[in-house]
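Working notes, structure below.
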Amino acid sequence: MDTSTFLIQCLNALQHGLLLFLVASGLTLIFGIMGIINLAHGSFYMIGAYMAFALNPLVERWLGGGFVTTLVLCIVLATVLGYVLEAAFFSYLYRRDHLQQVLMTYGLILVFEEIRSLLVGNDVHGVSVPPWLAGSVPLDDILTYPVYRLFISAIGIGVAILLYWVLTRTRLGMMVRAGASNREMIGSLGIDINRLYRIVFAAGVALAALAGTIAAPVSSVYPGMGNSVLIMCFVVVVIGGIGSIRGAFLAAMLVGTVETFGQVLFPSAAGILVYVLMAVILLCKPEGLFKQG
């Protein structure tokens, strides 16, 4: 592997890892902090991608905006969806056992898939890259790298910094961490824990939808696209440590690197390398790379 090819694969691993982090960070908030096993989290990624496909032409026609306007609108709609879903369904699951959580969230997967089929059909769709991100950056005299993939990486890094700041430097982050440790105690201090969890869940849905929206131009939009992402997200959450945002970030980088270079160097075994990585890490650190916090 020459230097230019190695550099391209490093950039691909970075972009893939950061995209995984966007989805996995939302799952970390919901699963690690709220204690909900949300099998429907991959569906929120799919919803974000389909919103990008459906809303982009409408935004250009009626609002005169482009990709950024569509992105903001998708985030707002996903946040509202998450807030409503938590109030209508997930708020009843906090004191239920994991089996009931699994059954209800699996049912939501079926509902979302049926709604998707009724609204947009079962065809594969594409979302065009915005013109101002359609160029490439030269790496040498021959090889170039798409600007849009660098844009995805920049979004991932920005979200990681924002999440770290919110959870460690703000009052909201302090309440979220306290609520994850002792729900009853924070409620006795006069904080509305139900409203707090609703905000956390809405943020988790928005992060997954954001990942789906920005991934749509590079991965296309198709039925069931959230299933494989969900599996990788659980791998990231388990490797990083349940409830740890910094653990999810590091784990996503590791998984992205292993997947990217595995497909290049060991294509026949690429499908199992991530699970081998997870097994090795859990043998050494059963709680994951970082503890909750």
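Rule-based calculations on the coordinates, nothing more; no lab input. From a predicted model like this one, the values you see are computed outputs, not experimental measurements. Heads up, the Cβs are rebuilt from the backbone with ideal geometry, glycines too, and the neighbour counts pull from every protein chain shown.
Some notes on this structure:
- When only alpha carbons of region 155-293 are considered, Rg and Dmax amount to 17.2, 56 Å.
- Cα→Cβ-extended label distance, 7 Å offset, between Val147 and Leu172, nm: 3.1 nm
- Estimated FRET transfer efficiency when R0 is 30 angstrom, pair Leu58-Ser117 (beta carbons, to 0.05): 0.90
- Extension gain, Val276-Ala154: 0.36 nm per intervening residue step, less the Cα-Cα distance, totals 41.0 nm.
- Net charge contributed by nearby residues that have their C-beta within less than 11 Å of Tyr83 (K/R +1, D/E -1): +1
- Dividing the C-alpha radius of gyration of region 22-69 by 2.2 N^0.38 Å, with N its residue count, gives 1.53.
- Efficiency of FRET from Cβ geometry, Leu189 and Val218, R₀ 41 Å, rounded to 0.05: 0.35
- Note on Asn227 and Asp2: with the Förster distance fixed at 41 Å, the Cβ-Cβ geometry gives a FRET efficiency of about 0.70.
- Distance in nm between pseudo-label sites at Leu265 and Cys284 (7 Å out along the Cβ direction from Cα): 1.6 nm
- Chain lengthening between Cys10 and Val124 when straightened (0.36 nm per residue, less Cα-Cα): 38.2 nm
- With a simple spin-label model that places each label point 7 Å from the Cα along the Cα-to-Cβ direction, the separation between Ala134 and Leu110 comes to 4.3 nm.
- Protection-proxy order for peptides 215-222, 144-151, each taking the mean of Cβ atoms within 10 Å per residue, highest first: 215-222, 144-151
- Only Cα sites of the chain enter the Debye sum here, all with the same form factor; the resulting log10 I(q)/I(0) across q = 0.08, 0.17 1/Å is -0.35, -1.50, listed in q order.
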